[in-house]
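Data block below; observations after.
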Amino acid sequence: MVSQVVADEKPPQQLLSKKAGCNSHGQDSSYFMGWQEYEKNPFDPVSNPSGIIQMGLAENQLSFDMVEAWLEKNPDALGLRREDGASVFRELALFQDYHGLPAFKNALARFMSEQRGYKVAFDPSNIVLTAGATSANEALMFCLADHGDAFLIPTPYYPGFDRDLKWRTGAEIVPVHCTSANGFRVTRAALDDAYRRAQKRRLRVKGVLITNPSNPLGTTAPRADLEMIVEFVAARGIHLVSDEIYSGTAFGEPGFVSVLEVMAERGAAAADVSDRVHVVYSLSKDLGLPGFRVGAIYSSNAAVVSAATKMSSFGLISSQTQYLLAAMLGDKDFTRSYVAENKRRIKERHDQLVDGLREIGISCLESNAGLFCWVDMSHLMRSRSFAGEMELWKKVVFEVGLNISPGSSCHCREPGWFRVCFANMSAKTLDVAMQRLRSFVESTTNGAAALRRAAVPARSISCPIAIKWALRLTPSSGDRKAER
Amino acid sequence: MRRSGAGGSGSGTARRNRKSSSSSGSARDRGARPRADGGMRVVVPLQGVVQGRGGLVIGSLIPCALFYFFQLYIKRNRAPRPLPPPPPAAAASESPPGSASTVVSPIHRSLSRGLLSPRAALPAPSARGAAVRDDDSLYYAGLRRCAEDPYHPASNPAGIIQLGLAENCLSLDLVVRWMEEHAAGAALMAGGEDEEERELSVRGLATYQPYDGILALKMALAGFMRQIMKEVSFDPSQMVITSGATPAMEILSFCLADPGNAFLVPSPYYPGWDRDIKWRTGIELIPVPCRSTDNFNISITALEIAYNQAKKRGIRVRGVLISNPNNPTGRFVPKQTLHDLLEFVTEKNIHLISDEVFAGSTYGSGKFASVAEVVDDLEDFDRGRVHIIYGLSKDLSLAGFRVGVIYSYNESIVTAAAKIARFSSVSTPTQRLLVAMLSDQKFISDYLKINSERLRKMYRLFVDALDQVGIECFKSSGGFYCWADMSKFIGSYSEKGERKLWDRLLEEAKVNVTPGSSCHCIEPGWFRCCFTTLREQDIPILVERLKKVTDSHKLNR
């Protein structure tokens, strides 16, 4: 009966909405291409020693053992029991209040405050919980920008923003061009220039979005810069979104300064902008728990909080996870020791990468935070252009077998920069990666490519302890995908 | 080409215009109306008179262009944002908790539509304006009122009895018992005693996982859905897991329709859809009324009419959205109707979305048929237009765990939805826990059986209780609701009368029900009552309270 009509029917693909079919999700950028390549041929010290090493994933695997030790000590949290052994499940099963579990919000507010050296106090009622920072950023965009409105974002910026902020909301991103001349710091002139460019394109600028510590630079924003940016948004009457998901990774001096701290210092002078400054936070990087999908928006703007809270029903955190994390973050001793030890380990790994690169003549932007380094490989390129960068990147992915993110995918204006992540692998794997890179650099100068191909796998196989360790570090499920 | 055509066909009208212009000449003299369109009506024929036939085209273009540039001028002059007035006492972020929340800051012009009701006028309302869109729905108003003053047999016996929710507390004890026995181990997936194995499992929890759900959960869900939907098989690769059925519905809508497009929705329908679907996607929902005389069955003729009307208004209809078992009526959509619907959507080349979140919560005598079952029976049918929404909030009483499913037969939709799922994915420990729970075959089949028995019993009790006070109910077969006909107790047979009765039920009887008007029911006097949050001992109290309203109504007569 139905089948009679089928004959004169159009292909179902035409039935898709424009959003579903269109490309503004940026999946085709080189950032994602590298991912696909990695998924086809992932490195494994035993089963696939010549595979691609994933250095494009900003994931913190350095401190799992601490989370795990905590879980071991507090089995009640996972078993959804109170200390007296009574089950809390009955309360959790039907809990779907989008205001979140009060205990969790209180614990999160305290933890965020701790990350900022208790210089800023967070009001739990101003926190909106979302399923990850991705969702938090998008919800903020929905709240602040209409279709066709623009946000200014200093470049280089996280490649995923092109999808997260623009795809469904229809908002636009106008890059604020920063250069290596001043270490990619944001300047007032650059902001003004971007603002003018937006106006020329007839875009209504709704705000500035910064990542602090910066992704992909791995640097914290100096206090003076933050003051300048606050000044700028105050003068223009626009919003400021500060994405501070890496705040707990700031391992070196000068330390991390939150925009909220700057606001607090401005005191009465900040009154005019205080409800236009919004902070995005997440536990994915600081606590190394991206699988838990916990993000948050912090805003003193009642209207934004109320709208974002309602929107959060499109991405709520499971009550079980909230309960578990409330217990974990409520344990002050644990968070204190975790944060300190985690930073120490990140620094150690960061130094390993930076030193290794220096030995082979590659320099990095000096950084003090993040799970990655911003690496300058321009001298390895055949031509100083984005074509040259692409050529080098392809070589690094396909020949050297390292998936790193090219600067062009981060909208960097200068060719030759790459984001290299170091916290999602074991120290041994990082060694392997450095070895490969060393041979590559040598081969480009004296052409000993054959030597390199033989050397790398042999080394890792001959090292049983390394294998065992690396094995333990490999993710368990075969279907595991990736950050972005 | 076009111009000459316009001129040719315009020759007749030009003549007519000339006549009309001369006749309206005196009217013109009486004074140009300030309104732009009034001016246009005068200018266009005048130009035609002055310049002859060719002038008609140019003559109509010139004022149009002038008008356009005028609008553009106004728009551009309005563009510079006036600096928002400094909020009276906007506190710095470090201010003590209380003060920040007491200061209600004005909405700045730079806030977007997301904060404002689409119906709100352009000037920015106060911060509370953000809540407007909920306030106008009695559904949300009742829920809020209830949250302020909830009934409790011991601590607040005078509180409001909540019949407006969509929760099932009848079988919660079964799930609780399972959790108590298995939760800790299951969430960690600590199968082995071995130290190394355990570390592996924590790694599997904490790191980035596929945003659209881990494969293990998809397989477990496919098995569970198969069990519920009577042996229809589901393919895990056609599934996208989201944090609840709410985002599942929104994501699917994002994939199927563009802003300004519409879905046809047989009404009465679930009041939450108005927010869940329309808010961020910009999609319209067009209610297609079903009638009580029809047993609230979906009428294809009504759909056809609504489709054509929308087309006339220039609105592109992208799909039909149904819930099965229906929320609020609790009716199963008959297999024949599903066939007809599939035929309808195929003929119009649009989608069919079937929300089946209550598929496992059935108690009626009839047989529930999922659209998946019907699709499976058909040969050479293009399945790419059929999509199913499912979730565990209702059938497993696990609303807090936020697990929803998009099941689509269309590969491109699955791909697109999986990408959007990054904005609402489920926490991995929860997924692991559910894998363990859904894989416990004995538990699941016991649960489904006992839950169905309890639903049936409670439904019986509830319908009998309403019967005692003279309220008749629609014969439901699934879901958590009783669809009650209280039209004989409303003063005036209108939405206003219904609202009045709802107010009395809430304030005098202290019972919160959902009025039919918020479900877009066109017949006044119907109310949706959720009976699964009640306990048996609450029923006599409920009867007493309802009597207050019904008896006084009889007295007034």
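The values are calculated or read from the model by the stated rules, or taken from the named source; none is laboratory data. A quick note: this is a predicted structure, and the numbers were derived from the prediction, not measured. Using ideal geometry, Cβ is built from the backbone for each residue, glycine included, and neighbour counts are taken over all protein chains shown.
If the condition is being within 24 Å of residue A:171 (Cα to Cα), more than 9 Å from chain B (Cβ to nearest Cβ) and charged (D, E, K, R), then region A:114-157 contributes no residue at all.
Just so you know, in region B:274-311 the residues that are hydrophobic (A, V, I, L, M, F, W, C) and within 14 Å of chain A (Cβ to nearest Cβ) include one that is nearest to residue B:259 (Cα to Cα), and it is B:283. Within the bounds of region A:171-178, is there any residue that is more than 22 Å from residue A:372 (Cα to Cα), out of contact with any Pro (no Cβ under 8 Å at 6 or more places or on another chain) and outside any strand (DSSP E or B)? Yes, region A:171-178 has at least one match.
Residue by residue through region B:248-263, note down the ones that are aromatic (Phe, Trp, Tyr) and within 9 Å of chain A (Cβ to nearest Cβ). Across region B:248-263, the qualifying residue is only B:254.
State yes or no: is residue A:264 in contact with an Asp or Glu (Cβ under 8 Å, 6 or more places away or on another chain), assigned to a helix (DSSP H, G or I), closer than 26 Å to residue A:229 by Cα and facing chain B (nearest Cβ under 9 Å)? It is true that residue A:264 is in contact with an Asp or Glu (Cβ under 8 Å, 6 or more places away or on another chain), assigned to a helix (DSSP H, G or I), closer than 26 Å to residue A:229 by Cα and facing chain B (nearest Cβ under 9 Å). Going by the conditions given, is residue B:453 of a type outside the set (Gly, Ala, Ser) and in contact with a helix residue (DSSP H, G or I) (Cβ under 9 Å, 6 or more places away or on another chain)? Taking the combined requirement at face value, the residue does not satisfy it. Of all the numbered requirements in (1) part of a loop (DSSP other than H, G, I, E, B); (2) at pLDDT below 70, residue A:90 misses one, and that requirement is (1).
The helices (runs of 4 or more DSSP H) located wholly in region B:392-445 that include 2 or more residues which are facing chain A (nearest Cβ under 10 Å) and not β-branched (Val, Ile, Thr) occupy B:411-420, B:428-439. Taking region A:105-147, which residues are closer than 22 Å to residue A:263 by Cα and not in a helix (DSSP H, G or I)? Result: A:116, A:117, A:118, A:119, A:120, A:121, A:122, A:123, A:127, A:128. The residue of region A:271-289 that is surrounded by the most Cβ atoms within 10 Å (Cβ to Cβ), among those that are closer than 22 Å to residue A:336 by Cβ and out of contact with any Pro (no Cβ under 9 Å at 6 or more places or on another chain), is A:279. Annotation note: of A:354, A:304, A:339, A:375, the sole residue that is touching a strand residue (DSSP E or B) at 6+ places or on another chain (Cβ under 8 Å), more than 14 Å from chain B (Cβ to nearest Cβ) and part of a helix (DSSP H, G or I) is A:354.
Return yes or no: is residue A:334 in a loop (DSSP other than H, G, I, E, B) and modelled with pLDDT of 90 or more? No, not satisfied. Part of a helix (DSSP H, G or I) and surrounded by 24 or more Cβ atoms within 10 Å (Cβ to Cβ): is that true of residue A:312 in this structure? So residue A:312 passes the test. Every condition in (1) within 11 Å of another protein chain (Cβ to nearest Cβ); (2) modelled with pLDDT under 85 is met by residue B:230 except one, and the failing one is (1). Selection of region A:9-26 for residues being at the interface with chain B (Cβ under 7 Å from one of its Cβ atoms) and either modelled with pLDDT of 55 or more or under 21 Å from residue A:158 (Cα atoms) (or both) yields A:15, A:16, A:17, A:18, A:19, A:20, A:25. Checked against (1) buried (at least 23 other Cβ atoms within 10 Å of the Cβ); (2) farther than 21 Å from residue B:530 by Cβ; (3) more than 14 Å from chain A (Cβ to nearest Cβ), residue B:334 passes all but condition (1).
The single condition from (1) of a type outside the set (A, V, I, L, M, F, W, C); (2) within 24 Å of residue B:255 (Cα to Cα); (3) in a loop (DSSP other than H, G, I, E, B); (4) within 14 Å of chain A (Cβ to nearest Cβ) that residue B:314 fails is (4).
Only one of the listed residues (B:330, B:282) is modelled with pLDDT under 95, at positive phi and under 13 Å from the mean Cα position of the chain (by Cα). That residue is B:282.
Taking residues in region B:209-225 that are within 14 Å of chain A (Cβ to nearest Cβ), and partners anywhere that are assigned to a helix (DSSP H, G or I) and hydroxyl-bearing (Ser, Thr, Tyr), the pairs with Cβ atoms closer than 6 Å and at least 6 places apart or on different chains are B:209/B:428; B:220/B:439.
Contact annotation: residue pairs with Cβ atoms under 6 Å, 6 or more positions apart or on different chains, pairing a residue in region B:171-182 that is more than 9 Å from chain A (Cβ to nearest Cβ) with a partner that is part of a helix (DSSP H, G or I) and of a type in the set (Ser, Thr, Tyr), are B:174/B:447. The listed residues are A:255, A:218, and the only one of them that is under 18 Å from residue A:412 (Cβ atoms) and touching a Gly at 6+ places or on another chain (Cβ under 8 Å) turns out to be A:218.
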